[in-house]
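Comments concern the structure below.
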């Protein structure tokens with residue numbers, strides 16, 4: 001009885017060769033999974049990089065637009081300031097001129 | 001005892017205030033004219049420091065003769081400050097505000113090149129210049145008219161030759177400014 005059990009156990013626990021086909025399929029499957037994961041990671045990275053570039057580009061554009069608006073405003077203020085200054089210098093000139101005439 | 005403390009306080013206040021010295025950069029301290037702004041029908045308030053002047057200069061068109069002339073003048077400037085208020089009714093500015101500006105312009109370094117007062121037109125225009133050697137380092141204009149009050153302060157190396165060349169443009173009058181030797 002014990003011998004029979006022992007034989008049965010040995011038969012059940014023996015190492016069976018799964019066969020060449022099975023081994024090949026397993027080996028093919030492993031690199032494929034790995035490739036899919038790599039591709040997915042690359043897609044995410046590219047997407048992230050593209051998003052970052054887009055955000056950076058928009059930020060640069062906004063900064064440039066702001067700088068341009070500030071520059072144009074400063075230019076207008078400068079021209080206005082020079083107009084006021086020249087107007088007052090003109091007033092001084094006219095006053096001096098009048099004084100010289102009298 | 002109280003009298004002694006009062007005297008000490010008065011002396012301390014005088015010492016703290018100190019004498020009125022001109023800023024060697026040619027910049028004057030402008031009074032707070034917020035009250036005028038509220039009453040004025042038109043206001044021009046320009047505060048352009050060196051950084052803003054540089055920014056403005058980049059947007060001046062070199063092909064436009066008027067703007068090219070302005071660009072040449074702006075190159076040596078450190079600041080342009082204008083406060084100009086126009087009123088619908090005749091207006092007299094606060095004496096304290098006028099005195100504050102004048103006291104700075106009577107300090108050593110500043111020279112009054114024009115002082116024109118017309119009783120008939122009730123107008124008073126004063127033009128001051130700060131010279132450092134042969135170089136004008138500051139220009140200040142104080143104009144009091146019946147319905148207008150203006151303070152102008154231009155800081156920096158004002159090239160009188162370039163200013164002379166700008167005469168006739170932007171309404172700049174021919175002041176007869178001669179080229180400095």
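Read-outs: derived from the displayed coordinates by stated rules, not from any lab. Small disclaimer: the values here were computed from a predicted structure and weren't measured. Here the Cβ is made from the backbone with ideal geometry for all residues, glycine too, and neighbour counts use every protein chain on show.
Quick check: Cα centre of the range A:69-102 to Cα centre of the range B:102-163, how many Å? If you average the Cα positions of each part, the centres end up 12 Å apart. Multiplying the residue separation of residue A:40 and residue A:83 by 0.36 nm and subtracting their alpha-carbon distance yields 9.1 nm. Taking other Cβ atoms within 10 Å as a rough exposure proxy, B:110, A:44 sort from fewest to most as A:44, B:110. Working from label points 7 Å from Cα in the Cα-to-Cβ sense, the residue A:61 to residue A:100 distance is 5.8 nm.
Expected output is a single nm value to one decimal: the length gained when fully extending between residue A:28 and residue A:72, i.e. 0.36 nm times separation in residues minus the C-alpha distance. What is it? Don't jump to the answer; show the numbers that get you there.
Working: separation 44, 0.36 × 44 = 15.84 nm, distance 6.53 nm.
9.3 nm is the gain from fully extending residue A:28 to residue A:72.
Mean projected area of the convex hull spanned by the Cα atoms of the range B:113-155, taken over all viewing directions: 2.9 nm².
Peptides A:48-54, B:67-73: what's the order by average Cβ count within 10 Å, highest mean first?
On the way: A:48-54: 10.0, B:67-73: 19.6.
Top of the packing list down: B:67-73, A:48-54.
Cβ crowding within 10 Å ranks B:49, A:17 as A:17, B:49, fewest other Cβ atoms first. With a Förster radius of 51 Å applied to the C-beta separation of residue B:29 and residue A:54, the computed FRET efficiency comes to 0.60.
Sorted ascending by nearby beta carbons within 10 Å, beginning with the fewest, B:43, B:92, A:85, B:150 become B:92, B:43, B:150, A:85.
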